[in-house]
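Below is one structure, written out as structure tokens, with a few remarks after it.
The values are calculated or read from the model by the stated rules, or taken from the named source; none is laboratory data. Values in this document were obtained by computation on a predicted structure and should not be read as measured data. Ideal geometry is used to build each Cβ from the backbone, glycine not excepted, and the neighbour counts take in all protein chains shown. Areas reflect the complete protein model, heavy atoms only, side chains present, ligands, DNA and RNA absent. Shrake-Rupley method; radii C 1.70, N 1.55, O 1.52, S 1.80 Å.
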Amino acid sequence: MIPLYAALHGATATGVGLIVGAHMAAAAVGSIPLGRAADVWGRRPLLVGGMVLGATTSLLLPLVEGDLALMTIYGLAGVGVAAFSPSALSLVGDLAAPGRAGHAYAWYSTAHYGAIAIGPFLGGVVAEWWGYRAAFVGSAVGIGIALGVGLATPVRRKAPMSERPGAAFADVRNDPRIWAGWIVAVSGLLIQGVVFTFFPLLAHERGSTPAGIGLVFLVLGLANTLARVPAGWLVDRSGCSAPYAIGGILAASLITALLPHANDQVTVLSLVAVFGGLSGIAFVAISVGLAASTTPATRGLVMGGYSTALYLGLAIGSFALGPVITHRGYAAGFAGGGIAGAVGTLVAALLWWRSLISSSRSALTASEPVNESETAPPSFNSSPKFRNGQQ
């Protein structure tokens, strides 16, 4: 509802992009240090703090109307997201059973994106009946209820790991699979940043009501949600994440470019349903791949980098494409977003391919006979496939 609320009070597409981009930029900048904090201090304090900040900023949004004030408060909400997301993602990886990471991340993201699906729809209905300010207050109430349930739920505590305090960025920075996961996450969220930020403005310009726009995002979010459990099963079954991540984001980038050319509601709903399903499959695969490429000692850091990649992508989509849309129109802006998403995904694919070649060469080197009677162990695992707890 933020784009429509800002536009109602005079914000241009560029202004809306700056407001949404400030939120994403704050989430991106804060995710790595706060993910590292979750490795050191534990996941729960960061989860609770992020939710408290989210509820507070939701209550502050109805009190302001100007671009700068909205950008400041929504940016502060991004800090709450940076506290919450890496801790939640890390907690799922910590508790997932061996060989079931896809299943665990599928159910986590089903809950996450189910809320994203329902939220815009309910927000649109509330905004149409009682106004945008009531929708923001309703968001704060929803966060407060979830926080209360979370605080009342008993948590099984694990003994702290002695290796956690020594973990650092240097432990993960040279792993091409981690960089590939981060880059494809940036690419996937860049196109979502374009769709979530600017499609409401496009639809409003074409005469859609807030409830009608909410229906579009309900369909997108439900498709995203419903794809995740099957995606988790596929990833666990195959033990391989990269094809699902690469293929899903490439196809979603194409749909992004096509979306402004859909002029009837049925076509729009069909496109966003496919877009949502592909995104759901891809991001389950990315989550599992990143979790399997690290250990609990650095998982918060890696998932903080993942969250940074997600919100950086959304921020780029909002910041960079707003001026394009303002000066060149929606078709050019959405096409630019789709092209950028595809290029980034191909870069990630190249990194994964290089990692595959490197792993294969290492395996061949290790299997060469040292002498006539000594060879490498036949159980040496040369597969680069992402598996929970093995590489």
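Within the set of pairs 6+ apart or on separate chains, which have a first residue in region 324-348 that is within 27 Å of Glu205 (Cα to Cα), a second that is of a type in the set (Ser, Thr, Tyr) and modelled with pLDDT under 90, and C-beta atoms under 8 Å apart?
Every condition considered, the pairs that remain are Thr326/Thr12; Thr326/Thr14.
Among the candidates Val288, Val284, single out the residue that is under 20 Å from Ile118 (Cβ atoms) and either assigned to a helix (DSSP H, G or I) or touching a residue at least 24 places away in the same chain (Cβ under 8 Å) (or both).
Unique residue meeting the criteria: Val284.
Any residue in region 144-160 that is at pLDDT below 80, open to solvent by 20 Å² or more (accessible area, probe 1.4 Å) and β-branched (Val, Ile, Thr)?
yes
Could you list all residues from region 266-286 that are of a type in the set (S, T, N, Q) and open to solvent by 10 Å² or more (accessible area, probe 1.4 Å)? Steps first, answer last, please.
Looking only at region 266-286, we keep the residues that are of a type in the set (S, T, N, Q), and these are 267, 270, 279.
Within region 266-286, Thr267, Ser270 meet the criteria.
What are the residues in region 312-339 that are open to solvent by 30 Å² or more (accessible area, probe 1.4 Å) and either among the hydroxyl-bearing types (Ser, Thr, Tyr) or not in a helix (DSSP H, G or I) (or both), if any?
Within region 312-339, Thr326, Tyr330 qualify.
Do you know which of the residues in region 185-243 that are assigned to a helix (DSSP H, G or I) and charged (D, E, K, R) is nearest to Ile19 (Cα to Cα)?
Residues of region 185-243 assigned to a helix (DSSP H, G or I): 185-205, 210-226, 228-238, 242-243.
Still in the running and charged (D, E, K, R): 205, 228, 236-237.
On the way: Glu205: 19, Arg228: 30, Asp236: 39, Arg237: 41 Å.
Step by step, filter region 185-243, then rank; the result is Glu205.
Filter region 3-27 for residues that are part of a loop (DSSP other than H, G, I, E, B), hydrophobic (A, V, I, L, M, F, W, C) and surrounded by fewer than 23 Cβ atoms within 10 Å (Cβ to Cβ) and give the result. Working first, answer last.
Here is the first cut: in region 3-27, the residues part of a loop (DSSP other than H, G, I, E, B) are 9-12.
Then keep just the ones that are hydrophobic (A, V, I, L, M, F, W, C); that gives 11.
Scanning region 3-27 gives no hits.
Considering only region 243-265, state which residues are under 20 Å from Trp107 (Cα atoms) and open to solvent by less than 20 Å² (accessible area, probe 1.4 Å). It would help to see each step written out before you state the result.
Step one: filter region 243-265 for residues under 20 Å from Trp107 (Cα atoms), giving 244-245, 248.
Ala245, Gly248, listed by residue number.
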